[in-house]
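Worksheet for the structure shown next.
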Ligand SMILES: Nc1nc2c(c(=O)[nH]1)N[C@H]1C(S)=C(S)[C@@H](COP(=O)(O)OP(=O)(O)OC[C@H]3O[C@@H](n4cnc5c(=O)[nH]c(N)nc54)[C@H](O)[C@@H]3O)O[C@H]1N2
Ligand SMILES: Nc1nc2c(c(=O)[nH]1)N[C@H]1C(S)=C(S)[C@@H](COP(=O)(O)OP(=O)(O)OC[C@H]3O[C@@H](n4cnc5c(=O)[nH]c(N)nc54)[C@H](O)[C@@H]3O)O[C@H]1N2
Ligand code: SF4
Ligand SMILES: [Mo]
């Protein structure tokens, strides 16, 4: 029996943007249990296994000191002061010799966990004069952002879930990912279905969400543009266009009609593998629905032509007039941010590219989705003016960037690589760093929920539909004797050493951070939220999450002088659609006698990208290669068998498992596991790195450079069974 004091504290899980409210049971300074908080509104006590596992991940082999890589490749502990001194000196020398653009930062998942990280990364990079701020959003769904620029946006945003007659999900699995259904997704979906909402899912896998679908279009991977063009064509044919809405709010209706004319039911059926009856049922539901949402996810984004898929999704939305009108309750409400009143009117298309930074790699450039990650390895490896020599890396890049071999080569060639980590076992990316920043665990830091109000600008699937916000104080102290820094502190201290002034910027104002006296994380949060609609001090008064009803927004009427229109026939998109129509789709798909299967991405409930989660969470420690039993039979494989998976760019060892929810001919596998090529790690223990099968050069998106990361032709060959 423990004699330690037991206490329960309220907090927030920050493993993903679900940001679930949790109750943390402490035994002394040890986290004994993490559970859902039943008193917090909206979530009804919901929590997933990853949240519950925060208890054990907190107490595992923690990294207590920063590490410096020695010439022989080993690591030695160093103090925070030494880390800051040495990193500052190196940054200063690189800037002197090569200029500020030789310094880059990359932020991935950890930006979700640490609300102060992004503002300080931006501020630091601005202070040294470097534009090289990259992030995971350009290897995620950059097309969603580009499509919004090309099509224009509805200033009233999408309708609220409760107002939808139909929801169309294209390669997204909210029950697992929490995209689009942020709070308690299973219960929310059941409620919506009970209320009469129809669900249409386009996905080669009958996933956890499509099991609730009225129509599941189990398409061949990579054929989303064909399918969407077909649905548009059928809507035009059967008079399912909201002409009145389009007349006032959109341009290019006739051009779009002509562009999709070739996508008749026969062609689409043959090409996508979806039956004509299912197409018909889908079109009927769409035509009968007054309000809807057409939402793409990771699936089509990875399958190439993600921008076109996202664009056609917006076109479908607009030709049906599925945008909410004046008087409706809005879908978003600013609490910890400032906001503009939503209006029932379009805002015209904006430039998606053609401004900002141009890179030397494959002609890639800055776009409305940000700096292209696709350019980063090339910009590191190509000598000469513009070469990147130092990277602050907040991600698990060796397991999450396409082409792990190239990622390793590039990151190893840097003069300076800094990677934060929490565990002494170190991630593969941390293992090749010059400096590993030992950082606090999420329950050791305070939290504000502001990011969930900012991300909807990047992707409509995140954020709350209620004016919701939370502040969570520190729950536990870091391990005794540990010398840790929160990542934002590194930026602050290096800037201080270099004599740079850090400024926080938001649309309303610029604020200079005091560079004499280091703020606490809480003080920094006050500054970050200085223009919030509800003062942070007010949010802090509520230990539970709270719905701030007083800032609820209603969609305002259209400005009488508004002449903006949504573009249904952007020229670049129409050209790409024309390519789709005229190409040999078998050639483009790329399967043949050798590469018979298509690899597709997925997410799993008990994994989150490359994050450290307790291996005990999952039945098997690796990421299984799921296939249909009919395919396994042909290959004479049983679940658990070891296989060699080969693409045109690389090979990995994997372990198959059966999933009869998959379309035949498809292999579905999660990313974020495994090791880097050349490593001796056992895939039965660490899993398989699907990114070793990818190449940046393969069929990359011409605008942002995201390569083929799904719908990837592969071969699967049995290997001798693993020794027990
Ligand atoms: N093949 C394939 N590749 C993909 C995808 C796919 O579907 N298929 N998805 C893509 C998408 S959508 C995304 S968003 C990216 C995500 O890619 P990443 O952003 O790289 O993934 P995360 O796992 O979120 O990053 C967390 C990693 O950073 C380390 N880390 C660094 N700093 C910290 C810190 O301060 N705290 C903690 N706790 N950990 C830290 C963690 O240990 C972990 O290794 O992956 C992309 N890659
Ligand atoms: N548990 C968990 N939750 C997460 C994450 C995680 O790693 N684990 N990651 C977070 C991140 S970084 C992101 S970006 C979001 C992503 O959230 P989602 O977009 O919902 O991503 P997935 O859950 O991978 O769902 C992708 C779906 O696309 C399907 N698919 C694959 N290829 C194709 C195709 O060619 N066409 C179509 N139509 N469908 C296809 C897959 O079968 C799968 O069902 O999830 C976030 N939430
Ligand atoms: S869904 Fe799971 S991982 Fe995401 S915030 Fe909630 S409990 Fe954490
Ligand atoms: Mo993502």
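When the range 590-611 is filtered for residues that are in contact with a strand residue (DSSP E or B) (Cβ under 7 Å, 6 or more places away or on another chain) and not in a loop (DSSP other than H, G, I, E, B), the ones remaining, listed by number, are 597, 598, 599, 600, 602. When you look at residue 299, is it surrounded by 23 or more Cβ atoms within 10 Å (Cβ to Cβ) and either part of a loop (DSSP other than H, G, I, E, B) or modelled with pLDDT of 95 or more (or both), yes or no? Answer is yes for this residue. Somewhere in the range 125-136, is a residue within 16 Å of ligand 3 (Cβ to nearest atom) and at pLDDT 95 or above? For the range 125-136, residues within 16 Å of ligand 3 (Cβ to nearest atom) and at pLDDT 95 or above: absent.
Only one of the numbered conditions (1) surrounded by fewer than 18 Cβ atoms within 10 Å (Cβ to Cβ); (2) part of a strand (DSSP E or B) is not met by residue 294, and that is (1).
Yes/no per residue for (1) within 8 Å of ligand 2 (Cβ to nearest atom); (2) in contact (Cβ under 8 Å) with a residue 12 or more places away in the chain; (3) more than 27 Å from residue 597 (Cβ to Cβ):
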position: 160; (1), (2), (3): no, yes, yes
position: 188; (1), (2), (3): no, yes, yes
position: 203; (1), (2), (3): yes, yes, no
position: 215; (1), (2), (3): no, yes, no
position: 225; (1), (2), (3): no, yes, no
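Just so you know, in the range 236-255 the residues that are buried (at least 21 other Cβ atoms within 10 Å of the Cβ) and out of contact with any helix residue (DSSP H, G or I) (no Cβ under 6 Å at 6 or more places or on another chain) include one that is farthest from residue 320 (Cα to Cα), and it is 252. Here residue 84 fulfils each of the conditions (1) part of a helix (DSSP H, G or I); (2) within 30 Å of residue 441 (Cα to Cα); (3) at pLDDT 95 or above; (4) within 16 Å of ligand 1 (Cβ to nearest atom) apart from (4). Screening residue 640 on (1) on the phi > 0 side of the Ramachandran plot; (2) buried (at least 18 other Cβ atoms within 10 Å of the Cβ); (3) away from ligand 1 (no atom under 16 Å from the Cβ) shows it passes everything except condition (2). Among the residues in the range 95-108, are any under 27 Å from residue 672 (Cα atoms), assigned to a loop (DSSP other than H, G, I, E, B), in contact with a helix residue (DSSP H, G or I) (Cβ under 7 Å, 6 or more places away or on another chain) and in contact (Cβ under 8 Å) with a residue 12 or more places away in the chain? Checked the range 95-108: at least one residue is under 27 Å from residue 672 (Cα atoms), assigned to a loop (DSSP other than H, G, I, E, B), in contact with a helix residue (DSSP H, G or I) (Cβ under 7 Å, 6 or more places away or on another chain) and in contact (Cβ under 8 Å) with a residue 12 or more places away in the chain.
Scanning the range 2-26 for residues that are over 13 Å from residue 39 (Cα atoms) and not in a strand (DSSP E or B) turns up 2, 3, 4, 5, 13, 14, 15, 16, 17, 18, 19. Can you say whether residue 168 is without any contact (Cβ under 8 Å) to a residue 40 or more places away in the chain, under 22 Å from the mean Cα position of the chain (by Cα) and more than 17 Å from residue 605 (Cβ to Cβ), as far as the supplied structure shows? No, not satisfied.
When 690, 666 are checked against the criterion of being buried (at least 17 other Cβ atoms within 10 Å of the Cβ), within 16 Å of ligand 4 (Cβ to nearest atom), modelled with pLDDT of 95 or more and under 30 Å from residue 147 (Cα atoms), 690 stands alone in meeting it. Taking the residues in the range 614-625 that are crowded, with 20+ Cβ neighbours inside 10 Å and assigned to a loop (DSSP other than H, G, I, E, B) as candidates, determine which candidate is nearest to ligand 2 (Cβ to nearest atom). So, considering only residues that are crowded, with 20+ Cβ neighbours inside 10 Å and assigned to a loop (DSSP other than H, G, I, E, B), the one nearest to ligand 2 (Cβ to nearest atom) is 623.
Residues in the range 377-403 that are part of a loop (DSSP other than H, G, I, E, B) and within 16 Å of ligand 2 (Cβ to nearest atom): 395, 396, 401, 402. The single residue among 61, 72, 85 that is over 29 Å from the mean Cα position of the chain (by Cα) and loosely packed, with under 14 Cβ neighbours inside 10 Å turns out to be 72.
The values are calculated or read from the model by the stated rules, or taken from the named source; none is laboratory data. Since this is a predicted model, take the numbers as computed values, not measurements. All Cβ positions, even for glycine, are placed from backbone atoms using ideal geometry, and neighbour counts span all protein chains on display.
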